[in-house]
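**Q** Quick one: this structure, given as structure tokens, is what I'll be asking you about.
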Amino acid sequence: MIQEMDGILYLNMIRAGAQNLNRHRPAVNDLNVFPIPDGDTGDNMFMTVNAGAVKTDENVNLPAVATSAAREMLLGARGNSGVILSRIFSGIAKGLSDSEKTDTDGFIKALRAGVTEAYGAVAMPVEGTILTVYREGVEAVEEKQPKSLDELFDVMMSALTESLEHTPELLDVLKEAGVVDSGGAGLVYIMQGMKEALSGARYEALAIGGANQPAQVDLDAFTEDSVLEFGYCTEFLLRLQRSKVDIDSFDLDGFIDWLNSVGDSVVCFKEGSIVKVHVHTKRPGDILNHCQQYGEFLTTKMENMTLQHNGSHGMQELKLRNKAKKPYGIVTVASGEGLRELFVSLGCDVVVDGGQSMNPSAEDLIRAFDQASAETVYVFPNNSNIVLTAQQAAQLYDNADVRIIRTKTIGEGYSAISQFDPEVGDKDAITDYLNEIIGGVVTGMVSVASRDVSGGEVEVVKDDYIGFVGDDIYVDEKTPEDALVGLCEKLDAGNYDILLILAGAEPTDENASKMCDALSAKYKRSEVIMMNGGQPIYDYILILE
């Protein structure tokens, strides 16, 4: 029987918990309430707890280990369940701060501190979630008052499992979907692993990376026999020089026309004497040589898009370096090259790569706050599962006043950012103005159905395409285009001035173009705009303004 816990044992337990969750990640991901292929709770929770397991050094001193692990989890937290999980371990660390070791009674008190911390992190706690499962597990050990850590985890695992099975009785959405809470399930697997570590087995940190891992160049993706097909993604910041050009009368429109003549996917705008440029070209040297006649480069970045095409994007941003902080900066989250370019064109300083099924970590967002280089940073998460992470990142960051605008969809983020106006007033007035904007936006989605759903107003058939707004499903059709048309009809799209449609990674350009023509003909008083968003999961995103 184990009576005491030191830092070595506690870290071994965290590592064991991470490993056990990693083995069951697919099962947790599949506990998806909404019938589209976007489950990621298991991934988010694993990357959160694994951050503490990997980045914490072994130390016999328990408070040092607990504090370090909690800090790394706070930074590595992803998604709502990941944030709550990090807060649980943060509370436990606070409860373990008094002595180098703890006994069973001391650990029970630390577990209770985890309950307090986790509930305090959520503005409106919802029962039937990971919060309930953890709280009821702690309440069980408080009631039983076990005499050893072995007995403590026996009691806690029994209570956690019972509580998890009861979650559908507390949340109707779980009962309707026929699943238990995914966050609660992830917690059970972590605690099960921690219990197993009490047997004396040694667990090493899992060197499994997430989105924060440095990109590795695949040297086989472009060989001696390859042909340059996609060109180079070329980005730079050009500081206009008075010795070379009249900065005040610099012809930006003419400059952009020239870039379009030698490349494509051009995003270019001017801030004071700095010109930001993003362009795809097969001859980046010609562009750099031409642009140097106007000034000198502050930063340059050039990537062979064959490697990008075969690999993956990390955080995509235009970096402002060597520049004093400006009054306001904008950080947003989006996935898909078209969406990233759209937000950059609207004036975003940093576009963090992420969205549904690929939530960024708090550390990703903190890095973005730094890159925005502003006194006040406005953040647009654009996903309900990223809002809590953004709030946690803001709490951990003290180099700027970070304002989280609670955008839960790409449509809300697009509308608010496109109308961002620093002339509205001070930063509080701007915040109120942006929050008012997002209240009047309707965002519809089209995605493939991952399972059958019956009993609602719309019968959903697996592998059909559904059109929905939030949790409300409006149509089920055999093609994404038919689902988009049906969704427009259900939402009375003709009553809106603008129909902005973002085509995802799956629809062909031909189908997207036909949809634009058909909807333009149908809704003659509205302006229909079709753009290539390139986003995963959603075949089409419909934004009505």
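**Q** Tell me, what are the semi-axes, in whole angstrom and largest first, of the equivalent ellipsoid of the chain as set by the roots of 5 times the Cα gyration tensor eigenvalues?
**A** Values: eigenvalues 381, 176, 92 Å².
Ellipsoid half-lengths, sorted descending, are 44, 30, 21 Å.
**Q** A further question follows. Take GLU224, GLU375, GLU235 and sort them by solvent-accessible surface of the protein heavy atoms, 1.4 Å probe, largest at the top. Don't skip to the end; give the middle numbers.
**A** Working: GLU224 170, GLU375 110, GLU235 15 Å².
Largest accessible area first, the residues go GLU224, GLU375, GLU235.
**Q** Measure out, as a whole number of angstrom, how far apart the alpha-carbon centroids of segment 1-79 and segment 441-455 sit.
**A** That distance is 32 Å.
**Q** According to the Cα gyration tensor, what semi-axes, each the square root of 5 times an eigenvalue, does the equivalent ellipsoid of segment 231-283 have, listed from largest to smallest in whole Å?
**A** Calculated on Cα positions only, the semi-axes equal 21, 11, 9 Å.
**Q** Just round it to a whole percent: the fraction of Cα-Cα distances in segment 1-113 exceeding 23 Å.
**A** Cα-Cα pairs in segment 1-113 separated by more than 23 Å: 29 percent.
**Q** Considering only protein heavy atoms and a probe of 1.4 Å, how much of the accessible area of the chain is carbon and sulfur, as a whole percent? List each step's numbers first, then the result.
**A** Working: 11090 of 23700 Å².
Here it works out to 47 percent.
**Q** With every protein chain present, what accessible area does ASP98 have (1.4 Å probe, heavy atoms only), rounded to the nearest 10 Å²?
**A** 140 Å²
**Q** On to the next question. Under a 1.4 Å probe, what is the accessible area of the chain per residue, stated in Å²? Walk me through the intermediate numbers first.
**A** Values: 23700 Å² over 545 residues.
On a per-residue basis, 43 Å².
**Q** Which FRET efficiency value, to the nearest 0.05, is calculated for LYS175 and PHE297 with the Förster distance at 60 angstrom and r the Cβ-Cβ distance? List each step's numbers first, then the result.
**A** Working: r = 59 Å, r/R0 = 0.98.
According to the calculation, E is roughly 0.55.
**Q** Normalised by the empirical 2.2 N^0.38 Å for globular proteins, what value does the Cα Rg of segment 56-156 take?
**A** 1.06
**Q** Quick one, could you list the DSSP H helices from the chain stretching 18 Å or more along their long axis (Cα atoms) with average Kyte-Doolittle hydropathy of -1.0 or above?
**A** Details: long enough: 7-23 (24 Å, 0.05); 41-55 (21 Å, 0.13); 62-76 (21 Å, 0.88); 79-95 (24 Å, 0.60); 104-120 (24 Å, 0.08); 130-144 (21 Å, -0.14); 149-170 (30 Å, 0.13); 182-196 (21 Å, 0.23); 509-522 (20 Å, -0.70).
Within the chain the helices that satisfy the rule are 7-23, 41-55, 62-76, 79-95, 104-120, 130-144, 149-170, 182-196, 509-522.
**Q** Roughly how large, in nm² to one decimal, is the mean projection of the convex hull of the alpha-carbon atoms in segment 86-143?
**A** Numbers: hull surface 15.7 nm².
For segment 86-143, averaging the hull's shadow over all directions gives 3.9 nm².
**Q** Would you mind computing, in nm to one decimal, how far apart the modelled labels at SER226 and THR116 are, each placed 7 Å from Cα along Cα→Cβ?
**A** 5.6 nm
**Q** Another question, if that's okay. When DSSP assigns beta bridges and you keep just the ones with both residues in the chain, what percent turn out antiparallel, to the nearest 5? Spell out each step's value before the answer.
**A** Details: 48 of 68 bridges.
Within the chain, antiparallel bridges account for around 70 percent of the total.
**Q** Tell me the label-point distance for the pair GLU423, ASP452, using the 7 Å Cα-to-Cβ offset, in nm and rounded to one decimal.
**A** 5.9 nm
**Q** Could you state the number of Å between the C-alpha centres of segment 269-295 and segment 358-418?
**A** 29 Å
**Q** Within segment 400-474, list the trypsin sites (Lys or Arg not before Pro) lying in a DSSP loop whose Cβ has at most 14 other Cβ atoms in a 10 Å radius. Walk me through the intermediate numbers first.
**A** Working: sites: ARG403, ARG406, LYS408, LYS427, ARG451, LYS462; in loops: ARG406, LYS408, ARG451, LYS462.
Those satisfying the criteria are LYS462.
**Q** About its Cα centre, what dipole magnitude does segment 435-526 give when the only charges are +1 on Lys and Arg Cβ and -1 on Asp and Glu Cβ, stated in debye to the nearest 20?
**A** Values: 8 positive and 19 negative charges, 56 e Å.
With Lys and Arg at +1 and Asp and Glu at -1, about 280 debye.
**Q** Say each of LYS462 and ASN61 gets a label point 7 Å from the Cα, pointing the same way as Cα to Cβ; how far apart are those two points in nm?
**A** Result: 5.4 nm between the two label points.
**Q** First measure r as the distance between the Cβ atoms of GLU527 and ASP471, then evaluate 1/(1 + (r/R0)^6) with R0 = 22 Å and state the FRET efficiency to the nearest 0.05. Mind showing how you got there, number by number?
**A** Details: r = 29 Å, r/R0 = 1.30.
Here the calculated transfer efficiency is 0.15.
**Q** With +1 assigned to the C-beta of every Lys and Arg and -1 to the C-beta of every Asp and Glu, and no other charges, what is the dipole magnitude of the chain about the Cα centre in debye, to the nearest 20? It would help to have the intermediate numbers written out before the result.
**A** Values: 44 positive and 85 negative charges, 286 e Å.
With only Lys, Arg, Asp and Glu charged at Cβ, the dipole is about 1380 debye.
**Q** Separate question: Roughly speaking, what is the stretch gain from LYS326 to ARG242, that is 0.36 nm per residue apart minus the C-alpha to C-alpha distance, in nm to one decimal?
**A** On the way: separation 84, 0.36 × 84 = 30.24 nm, distance 2.16 nm.
Full-extension gain reported as 28.1 nm.
The values are calculated or read from the model by the stated rules, or taken from the named source; none is laboratory data. Worth saying up front: this structure is predicted, and the values here are computed from it rather than measured. With ideal geometry, Cβ positions are generated from the backbone for all residues, glycine too; neighbour counts draw on all protein chains shown. Side chains included, ligands, DNA and RNA excluded: accessible areas come from the protein's heavy atoms. Shrake-Rupley method; radii C 1.70, N 1.55, O 1.52, S 1.80 Å.
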